[in-house]
Amino acid sequence: MADEIAPEYDVVVLGTGLTECILSGVLSVKGKKVLHIDRNDHYGGEAASVNLEALFKKYGNYAKGSEPWKQYGRLNDWNIDLVPKFLMSSGELTNILVSTDVTRYLEFKQVAGSYVQQGSGPKATVAKVPSDAAEALKSPLMGIFEKRRMKSFIEWVGEFNSNDSATHKGLDMSTCTMREVYDKFGLEATTKDFAGHAMALYQSDAYLDVKGGAPEAIERLRLYGNSVARYGKSPYIYPLYGLGELPQGFARLSAIYGGTYMLNTNVEEVIYEEGKAVGIKATMTGVEPAMKFETRAKTILGDPSYFPNKVKVVGHVLRAICILKHPLANTNDSDSCQLIIPQSQVGRKN
C-alpha cells in the first residue's frame with residue numbers, strides 16, 4: 001500500500017463529509033490527482049448515517065453489557081442521520097447530483113410533507129405548509145381573509161423577476177426589506193412566521209429587516225414552490241438509505257476518475273512552509289503493521305476538525321434523535337415529514 005501513495009498530489013482532501021466529497025469528485029472529474037483521507041472507518045464525517053448499534057455506542061446511555069439495540073429489529077434496517085437534512089428537489093445540491101450523474105448510484109424517496117406548528121403547549125396545532133395558491137385557500141393556518149392575501153402573495157412570488165421592476169409591486173428591491181414586502185400584502189404575523197421559517201427556511205427573524213434582503217427571501221420562497229411543482233405533494237426528497245449515501249456517491253465518482261481513498265487514516269501533522277500548507281504526515285491503521293507515510297500537495301482541503309487551531313466557535317446546534325413507533329399527530333399519518341417549530345411560537349430567538 002505504501003508504494004501506492006504518490007510523493008505528491010494536486011489535492012489532498014481531509015474528511016469525507018458531503019462538502020469534501022463533492023469537491024473531491026468534481027476535482028477528480030476535472031483531471032486533478034486527488035488523495036482523500038478520513039480518520040473514521042466510514043464515509044460522511046459528522047454527517048454520517050449509522051445503524052442503531054453504532055448510534056447507541058456513540059451517544060447512548062445504557063447499562064454496561066446490555067445491548068438495547070437488539071430489541072429494535074435488524075441493524076441494517078436502520079440508517080440514522082447524525083445531521084438530518086432534506087434536499088430541495090429543485091435545489092442546488094440536487095442540480096449538482098444530476099449534472100455529475102451521481103444519481104446513478106443513489107435511490108431517492110419523496111418526503112410526504114412539510115408541516116408547521118402554531119402555538120405552544122397544550123394549545124399547539126400542527127398543519128401542512130401550503131405548497132401552492134390552491135392549498136393556501138384550504139389551509140387551517142389562516143382565516144378566510146388571510147387565505148386570500150396569502151394566495152395573492154404566493155401568486156406574486158411565482159411571477160417575481162428580480163430583473164423586471166414591473167413585477168416588484170412598486171417596491172425598490174435594492175433597499176426593500178422582507179418585512180416591507182409582507183406588509184405590502186397585509187400578511188399577519190403567523191403567516192410571516194410560516195412563510196419565513198417553513199418555506200424560506202430562515203432560522204431566525206433577522207432576515208426580516210435586512211436592507212435590500214427581500215430578493216433573496218423571495219428567491220427562497222420561489223425555490224420552495226418550484227420544488228413542490230417538480231414532483232408534487234412536498235418540496236423535499238431524501239436518499240433511501242440515509243444522507244450518508246451522498247458523500248459515498250461522490251466518492252465513487254472520484255474513484256472512477258482516479259481518486260485514491262484511505263479510511264482509518266489519522267493525520268498527525270499538516271506540513272507548512274512559509275505559512276502555506278504543502279503536505280501531510282499520516283498513519284493508516286487497521287492494517288498490520290500500521291502504515292506511516294508523508295505526501296505533498298499543491299492544495300489541501302479539509303473539514304474544520306482537521307484544523308482545530310483555525311476554528312472559531314460562532315454558535316451551537318442542539319440535536320435530539322427520537323425513535324417513534326407512530327406517525328406524528330395531525331400529519332395525515334405521514335411516514336416521513338418535516339415539522340418546523342418557528343421560534344416566535346415558543347418564545348425563542350431561533
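Before moving on, here are some points about what is shown:
- Residue in the stretch 202-215 that is assigned by TED's automatic domain parsing to the domain that holds residue 331, assigned to a loop (DSSP other than H, G, I, E, B), among the acidic types (Asp, Glu) and closer than 29 Å to residue 331 by Cα present: no
- Meets criteria (of a type outside the set (Gly, Ala, Ser), within 20 Å of the chain's Cα centre (by Cα) and either surrounded by 13 or more Cβ atoms within 10 Å (Cβ to Cβ) or in a helix (DSSP H, G or I) (or both)) for residue 130: no
- Candidates in the stretch 168-181 are the residues that are in contact with a Phe, Trp or Tyr (Cβ under 8 Å, 6 or more places away or on another chain) and at pLDDT 95 or above; of these, the one that is surrounded by the most Cβ atoms within 10 Å (Cβ to Cβ) is 178.
- Residue 46 meets each of the listed conditions (1) assigned to a loop (DSSP other than H, G, I, E, B); (2) surrounded by fewer than 15 Cβ atoms within 10 Å (Cβ to Cβ); (3) in contact with a helix residue (DSSP H, G or I) (Cβ under 8 Å, 6 or more places away or on another chain) apart from (1).
- Of the numbered criteria (1) closer than 15 Å to residue 36 by Cβ; (2) surrounded by 20 or more Cβ atoms within 10 Å (Cβ to Cβ), the one residue 261 fails is (2).
- Residues satisfying the stated conditions in the stretch 108-127, i.e. outside any strand (DSSP E or B) and of a type outside the set (Gly, Ala, Ser): 111, 122, 123
- Tabulated pairs, the stretch 310-339, first touching a residue at least 12 places away in the same chain (Cβ under 8 Å), second of a type in the set (D, E, K, R), C-beta under 8 angstrom, 6+ apart or interchain: 331/128; 332/128; 336/109
- Counting only strands (runs of 3 or more DSSP E) that fall entirely inside the stretch 264-340 and contain at least 1 residues that are touching a His at 6+ places or on another chain (Cβ under 7 Å) and not assigned by TED's automatic domain parsing to the domain that holds residue 58, the qualifying elements are 337-340.
- Any hit, the stretch 5-12, residues being buried (at least 22 other Cβ atoms within 10 Å of the Cβ), touching a residue at least 60 places away in the same chain (Cβ under 8 Å) and not aromatic (Phe, Trp, Tyr): yes
- Filtered by the rule that a residue be touching a residue at least 60 places away in the same chain (Cβ under 8 Å) and either over 21 Å from residue 208 (Cβ atoms) or part of a loop (DSSP other than H, G, I, E, B) (or both), the stretch 138-190 gives 158, 160.
Listed here are the residues, each with its yes/no results for (1) within 21 Å of the chain's Cα centre (by Cα); (2) assigned by TED's automatic domain parsing to the domain that holds residue 199.
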{"site": "74", "(1), (2)": "no, no"}
{"site": "77", "(1), (2)": "no, no"}
{"site": "83", "(1), (2)": "yes, no"}
{"site": "88", "(1), (2)": "yes, no"}
{"site": "121", "(1), (2)": "no, yes"}
{"site": "124", "(1), (2)": "no, yes"}
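- Summed over the stretch 1-40, residues that are within 25 Å of the chain's Cα centre (by Cα), not hydrophobic (A, V, I, L, M, F, W, C) and not in a loop (DSSP other than H, G, I, E, B) total 6.
- Of the residues making up the stretch 70-120, those that are surrounded by fewer than 16 Cβ atoms within 10 Å (Cβ to Cβ), free of Cβ contacts under 8 Å to residues at least 60 places away in the same chain and in contact with an Asp or Glu (Cβ under 9 Å, 6 or more places away or on another chain) are 70, 75.
The values are calculated or read from the model by the stated rules, or taken from the named source; none is laboratory data. This is a predicted model, so every value here is computed, not measured. Glycine gets a Cβ as well: all are built from the backbone with ideal geometry, and neighbour counts include every protein chain shown.
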